[in-house]
Protein chains: 2
Amino acid sequence: MPPSNAILTVTLNAALDVTYQVPNVRPHHSNRVVAVTTRAGGKGLNVARVAARLGRPAVATGLIGGSTGAALRRELTESRPTRLLDALQTIGAETRRTVAVVDPVAADTTVFNEPGPTVAPGEWADFQAHFGRLLADCGAVVLSGSVPPGLPLDAYAALTAQARAAGRPVLLDTSAPWLLPGLAAGPDVVKPNADELREATGLTDPLDAARALLALGAGAVVASLGPGGLLAVTPHGSWRAVPPEPLTGNPTGAGDSAAAALALGLLDGSPWPGHLAQAVALSAATVRSPLAGDYDEATYRALLPHVRVTRL
Amino acid sequence: MPPSNAILTVTLNAALDVTYQVPNVRPHHSNRVVAVTTRAGGKGLNVARVAARLGRPAVATGLIGGSTGAALRRELTESRPTRLLDALQTIGAETRRTVAVVDPVAADTTVFNEPGPTVAPGEWADFQAHFGRLLADCGAVVLSGSVPPGLPLDAYAALTAQARAAGRPVLLDTSAPWLLPGLAAGPDVVKPNADELREATGLTDPLDAARALLALGAGAVVASLGPGGLLAVTPHGSWRAVPPEPLTGNPTGAGDSAAAALALGLLDGSPWPGHLAQAVALSAATVRSPLAGDYDEATYRALLPHVRVTRL
C-alpha cells in the first residue's frame, strides 16, 4: 500500500497566539486594548493550515496542555480548514501564550513569547509512540519551531530518525539550539532564516553557511532571506528564487508557508525550481494576509509566474 | 447587633494580572519572556488584601468568569492572607487579563489592559442580591475600578444606594465615566487620582476640582497626587498629607492601599488627620513592595510618624 499523500506537521511548543489591538501604544504607561483575538499558534500549525488550504490533507500533531491548550484546540476546531486533522497530544503542563501588540496607527507589532511548558519524560515517550502511529498514514513530515523545556535538545533528531526509518521525508524548520543536534539524523531539508543560518554556523555569507549545514548532515538547505526570497543548496544544484517585488505587510507565518510548499515538493518529488517558485510566491502571499497560517489567494496566483529562479 | 468590623470590597471588572519579565525589551521585534507570574487582580482585590494584612477581616466580592476567572480564584485561594474571604460571584463571560511587561534592565513597565467581559442583565440582578446579603455582615464598603461592558454606567450609584440604605459607609474609587454617575448616590468618600480628578471636572487645580466633586454629591474627596501625597476636602476641613520623601519603586496598587486605610478610617470613625497619615504611609510602603495589594511593613512603620499633615 503506498503511503498517504498527507503532510504530518509537528509542533512540540504550540502556543495560543493572542493579538492585542492597541492604537498609539504608549511605552511605560497603561494601555487600553481595544480588541483581543486568539488563534491556535505555533509554526507547525501554520504549515498544516496552509497545506490544507492548498488542497492537501494535513495532520497536525504536537503537545498541548491545561486550559490554554484547551482554548487552542477549540480555536483550531472552529477555524480549521477542511482536510486538517487535529492529532495534538495532551500533556499535564499549561500551553504557553504569545502576545502580539499591534499598533494600527504606527503600523507596527511587538511580540512577547512566553516560555513553553515543561514536558515530563513519560509524556515524551508517549508522544514518540503517537508520532510513530501517525507516520503510517502520512507521506512527509514537517518538524517546526522550538522545543519546550523537559525534552532532550536532540528531540528533532529522534523524530527525524523515526520518520526516516518509516521511509518518510522530513523537513526541519527550527533555530540553532535544536537545528544543530537535529542535523545528525539527516533531515531531507532544513529551512533556516538568515538569522538562524548565521547563529547555527557563525558564518555571515548565506551560501557558505548553507554549505556548512549540508556538510553537517542536511539533505538540502533552503534558507529564507526575507524579502530577498529563498536560497537553496542541494546535491542537485543551488538556486536563488526571488519575488518580482518586495511586499509589505505582516511577515508572521511567511516562513511557515514556504515550509508547506517545500514539504509538498518533497512529497511529490517535483524538481526544485518549480517548488522553490511556489514557496516564494506563497510566502509573499502570506505577507499580504493578516493571519499567519493563511495567504492571499490572488497575490499567490499573480506572483507565481513572475518568481525568478536562477541557478547559481 | 452592631455591624461587623469587616471591609467589603467590590471588584466588578476583576482581572488576572499577568507579569512578563523581559530584559531589554525590543519594540517592533519578537521578545523572549524569561518569567511569567500571575496574580488575582483588580483594585478591590488589592484593597481587600491590604486590609487583611492590616489585621482586619475583608470580604472580596465582584464578578469572575471562564477559565481565566477560575485561574484568578485559584491564585487568590493560594496566596490570600488569613482574614480575606472570597465572595466573588461567577458570570458566563471570560474574565479579562492584564499584561504588564517589566523590563528589569530599563527599570520600566508597560501595561496592556484587556477590555472586560460582557455581563448579562440577569447576572447584574443576581450580583445586587448577593451584595445585599454580604452588606449584613460588613462594616464599610469599597467600590473600586472600572465597570465592565453590559452593566449600567451608574452601577456604582445603585450599589452605593444599597449600602447607604443598609447604613454602611461607602468609599468609591473609580475613573470619570463611572465616578460622575456614582456621585449622585452620595458616597461618603471618593478617591480620584490627579488624572481622574481633572477628567471628571475639567479643572486643573486639584483643590478646585475636589470642591466641585463635593458639590456634586461626594461626602468627602481624597485625591491621591502620586508622590505629592493626598489632598482631602471634607465637611470638617481640608488637609494635605505628604510623605517625608518621595519613594521610587512600583506604584501599582499604591492608590488601593490608600483606599484600604481610608476605608478603615470610615469604619472606625477616627479623625481625618490620623487616617490620612496612615493612607500616605501605606501608599508609600506599597511603592516599595514588588506586588500590588501588598506593602513593605518596615517602610510603613518607619514613615508613619513622619507624614506631614497640614490643615489648609
Distances from A:Ala120 to the same residue in each other copy, label points 7 Å out along Cα→Cβ, in nm, shortest first?
3.7
Across chain A, what fraction of all alpha-carbon pairs, as a whole percent, falls in each successive 10 Å bin from zero upward?
6, 28, 36, 23, 6, 0, 0
Surface share of carbon and sulfur [accessible, 1.4 angstrom probe, percent] for region B:180-253
55 percent
Would you list A:Arg26, B:Arg168, A:Arg311, B:Arg32 from the most to the least accessible area, probe 1.4 Å?
B:Arg32, A:Arg311, A:Arg26, B:Arg168
Please give, to one decimal in nm, the separation of the simple spin-label points placed at B:Thr37 and B:Arg311, each 7 Å out from Cα toward the Cβ.
4.4 nm
In deg cm²/dmol, rounded to the nearest 500, the helical mean residue ellipticity at 222 nm of chain A, built from -39500 (n - 2.57) for every DSSP H run of length 4 or more, is -11500 deg cm²/dmol
Output the relative contact order of region B:144-229, whole-number percent, from Cα pairs under 8 angstrom with separation of 6+ residues.
26 percent
Summed buried accessible area for B+A [probe radius 1.4 Å, Å², rounded to 100]:
1900 Å²
Could you sort the peptides B:199-205, B:90-96 by per-residue average Cβ neighbour count (10 Å cutoff), highest mean leading?
B:90-96, B:199-205
B:His29, A:His306, reordered so the largest accessible area comes first (probe 1.4 Å)
A:His306, B:His29
Kindly report, to the nearest 10 Å², the accessible surface of B:Thr248 as traced by a 1.4 Å probe over protein heavy atoms only.
120 Å²
Assume the label is 7 Å from Cα along Cα to beta carbon: what separations in nm does A:Thr77 have to the matching positions in the other copies?
2.5
Given a 1.4 Å probe, the accessible area of region B:108-157 per residue, as a whole number of Å², is 36 Å²
For region A:170-193 and region B:131-182, what is the separation of their C-alpha centers, rounded to whole Å?
59 Å
Express as a percent, rounded to the nearest 5, the fraction of DSSP beta bridges in the protein assembly as shown (both residues included) that run antiparallel.
45 percent
What is the distance, in nm, between label points placed 7 Å from the Cα along the Cα-to-Cβ direction at B:Ala298 and at B:Asp86?
3.2 nm
Taking every residue of B:27-39, the Cβ atoms of other protein chains inside 10 Å of its Cβ average out to 4
In peptide A:247-256, how many Cβ atoms from other protein chains are near each Cβ within 10 Å, on average?
0
Share of antiparallel DSSP beta bridges in region B:1-110, in percent to the nearest 5?
35 percent
Say each of B:Val105 and B:Ser30 gets a label point 7 Å from the Cα, pointing the same way as Cα to Cβ; how far apart are those two points in nm?
1.8 nm
Specify the residue with the greatest mean-square fluctuation among B:Ala106, B:Ala125, B:Ala48, computed from a Gaussian network of chain B linking alpha-carbon atoms under 10 Å apart.
B:Ala106
Binning at 10 angstrom from zero up to the longest distance, how are the C-alpha pair distances of region A:147-282 distributed in percent?
13, 45, 35, 7, 0
Going toward the positive end of the dipole of chain B, with +1 on Lys and Arg Cβ and -1 on Asp and Glu Cβ, which of B:Gln21, B:Leu179, B:Thr234 do you reach last?
B:Thr234
How many angstrom separate the Cα center of region A:274-312 from the Cα center of region A:28-69?
21 Å
State the residue of chain B whose Cβ is nearest the axis carrying B onto A, and the distance in whole angstrom.
B:Ser67, 2
Scoring only Lys, Arg, Asp and Glu (+1, +1, -1, -1) among other residues with Cβ under 13 Å from the Cβ of B:Val307 yields +2
Mind checking the mean number of beta-carbon atoms from other chains within 10 Å of the Cβ atoms in A:113-123?
2
Going 7 Å from Cα along the Cα-Cβ axis for the label, what nanometre distances separate B:Ala166 from the same residue across the other copies?
6.2
Sequence neighbours fewer than 8 away in the same chain don't count; with that in mind, list the lysines whose C-alpha is under 24 Å from A:Lys191.
A:Lys43
May I ask you to derive the relative contact order of chain B, considering only C-alpha pairs under 8 Å and at least 6 residues apart, and to give it as an integer percent?
16 percent
Provide the percentage of antiparallel DSSP beta bridges, counting only those with both residues in chain B; round to the nearest 5.
45 percent
Only Cα pairs under 8 Å and at least 6 apart count here; give the relative contact order of region B:181-312 as a rounded whole percent.
21 percent
Heavy-atom surface of region A:178-312, accessible at 1.4 Å and reported per residue (Å²)
41 Å²
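The values are calculated or read from the model by the stated rules, or taken from the named source; none is laboratory data. These figures come from a predicted structure and were not determined experimentally. Positions of Cβ are generated from backbone atoms using ideal geometry, with glycine treated the same way; all protein chains shown enter the neighbour counts. The accessibility values were calculated without ligands, DNA or RNA, using every heavy atom of the protein model including side chains. Shrake-Rupley method; radii C 1.70, N 1.55, O 1.52, S 1.80 Å.
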